Amino acid sequence: DVKVTQSSRYLVKRTGEKVFLECVQDMDHENMFWYRQDPGLGLRLIYFSYDVKMKEKGDIPEGYSVSREKKERFSLILESASTNQTSMYLCASSSPGAWGTDQETQYFGPGTRLLVL
Amino acid sequence: DAKTTQPTSMDCAEGRAANLPCNHSTISGNEYVYWYRQIHSQGPQYIIHGLKNNETNEMASLIITEDRKSSTLILPHATLRDTAVYYCIVRVLIQGAQKLVFGQGTRLTINP
């Protein structure tokens, strides 16, 4: 079974703190993703990475950065946490589908519920 | 920019089949239909996906119409643990990686 783990299920931080959210996958997947989920807004893509040391901005990258030093680990960094970054953060991983096909299944971690006070 | 439409909510009796519809009228020829579900306070869980043939796995069956403009996810014998939000997704490819655009999904409630 694919396993995606996130370092914390719940996290409470203060405004201005630097926050690290860690994600690890054990299936040798090339692609990894960070989303946030908020009521009424669905899942929104923050950043993704399709290889080690590679990163691409998603829909809402402002206020976030990422790091992918190893294939299995993708970190989301909040440089200076703000209250509007209170959210559920979800990490996912996937492997590209076979050439010529469009299939690529993403597998999600359990999520980290972050509260910024 | 979700490319699918689903009913907001549905109810189903425990032990009965739950049939969740999804419209994806703008789907293109090589796009797969994916289904995920999200149980409260957990990450989305992959259920099944398909292109044009019907698919079945240990969790569910997926029926795709011949014109591929709609599909139905079937949970054959729903249990209380199947209560969740179910998302029907047609993914969008950006910069070499897929983007899953989750809409609001269908909130399925299984009643005892």
Residues (under 17 Å from B:Gly43 (Cβ atoms), out of contact with any strand residue (DSSP E or B) (no Cβ under 6 Å at 6 or more places or on another chain) and among the charged types (D, E, K, R)) located in the stretch A:15-74: A:Asp26
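Select from the stretch A:19-71 the residues that are more than 10 Å from chain B (Cβ to nearest Cβ) and of a type in the set (S, T, N, Q) and write down the one among them that is surrounded by the most Cβ atoms within 10 Å (Cβ to Cβ).
Let us first name the residues in the stretch A:19-71 that are more than 10 Å from chain B (Cβ to nearest Cβ), namely A:19-29, A:34, A:36, A:38-39, A:46-47, A:52-53, A:55, A:60-71.
Checking which are of a type in the set (S, T, N, Q) leaves us with A:25, A:65, A:67.
Values: A:Gln25: 22, A:Ser65: 13, A:Ser67: 16.
The qualifying residue surrounded by the most Cβ atoms within 10 Å (Cβ to Cβ) is A:Gln25.
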Odd one out for A:Ser80 among (1) on the phi < 0 side of the Ramachandran plot; (2) within 9 Å of chain B (Cβ to nearest Cβ): (2)
Matching residues in the stretch B:1-58 - criterion: being open to solvent by 70 Å² or more (accessible area, probe 1.4 Å), among the small types (Gly, Ala, Ser) and touching a residue at least 60 places away in the same chain (Cβ under 8 Å): B:Ser9
Filter result (closer than 16 Å to A:Tyr107 by Cα and within 12 Å of another protein chain (Cβ to nearest Cβ)) within the stretch B:42-83: B:Gln42, B:Gly43, B:Pro44, B:Gln45, B:Tyr46, B:Ile47, B:Ile48, B:His49
Filter result for A:Ile77 (under 16 Å from the mean Cα position of the chain (by Cα), of a type in the set (A, V, I, L, M) and not in a strand (DSSP E or B)): no
Members of the stretch A:1-49 that are touching a residue at least 24 places away in the same chain (Cβ under 8 Å) and aromatic (Phe, Trp, Tyr): A:Tyr10, A:Phe20, A:Phe33, A:Trp34, A:Tyr35, A:Tyr47
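The values are calculated or read from the model by the stated rules, or taken from the named source; none is laboratory data. Note that the structure is a prediction, hence the values are computed from the model and not measured. Here the Cβ is made from the backbone with ideal geometry for all residues, glycine too, and neighbour counts use every protein chain on show. Ligands, DNA and RNA are stripped out before the accessible areas are found, and what is left, the full protein with its side chains, is counted by its heavy atoms. Shrake-Rupley method; radii C 1.70, N 1.55, O 1.52, S 1.80 Å.
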